[in-house]
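Let me begin by presenting the structure, written as structure tokens, before commenting on it.
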Amino acid sequence: MEKKPEATEPGERGFPFFGSFGSFNGQNMRWAIWPMEMWLNWQADMLKAAAPATAEWLARRREGTEVAMRALERLCACHNAQDVSKIQSEWIEDETNRLQSDMRSFSTMFGYLREPNLLNPSATQSKKSPH
């Protein structure tokens, strides 16, 4: 009976990046996974930068909803067009201020994305040359 050949004989090169099965180790895997590792690191940095802006945005949405409910209650109690106009203009002004806060928050978040060292100030300090 004839012996079946092994997938790779000892000393022969196996699959690309992995070497032979007999000498496989995790370090050989780095070549195969580095693109995924870079993508996951980038994603983690994006989420880290977006977390504060997202929490602030949600708080503003909650506040906006509460203000809108109070404005509706006040509108229901109105008896003339002048009061309706005043309530509506106050609500629009308040909502505009929240929208401006959203834009400032998003611009800060995108600033972090353009300058990743803003996420880690110690990295910037360590790269500066001592003068």
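The values are calculated or read from the model by the stated rules, or taken from the named source; none is laboratory data. These figures come from a predicted structure and were not determined experimentally. Quick reminder, even Gly has a Cβ in these numbers, built from the backbone with ideal geometry, and neighbours come from all protein chains shown.
Below are the figures for this structure:
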| quantity | calculated |
| --- | --- |
| Residue in segment 104-125 that is acidic (Asp, Glu), at pLDDT below 85 and surrounded by 10 or more Cβ atoms within 10 Å (Cβ to Cβ) present | yes |
| Filter result for ASP94 (of a type in the set (Asp, Glu), assigned to a helix (DSSP H, G or I) and modelled with pLDDT of 90 or more) | yes |
| Residues located in segment 57-84, provided they are small (Gly, Ala, Ser) and in a helix (DSSP H, G or I) | ALA59, GLY64, ALA68, ALA71, ALA81 |
| Output for segment 55-88, where each listed residue is under 19 Å from the mean Cα position of the chain (by Cα) and surrounded by 13 or more Cβ atoms within 10 Å (Cβ to Cβ) | GLU56, TRP57, ARG60 |
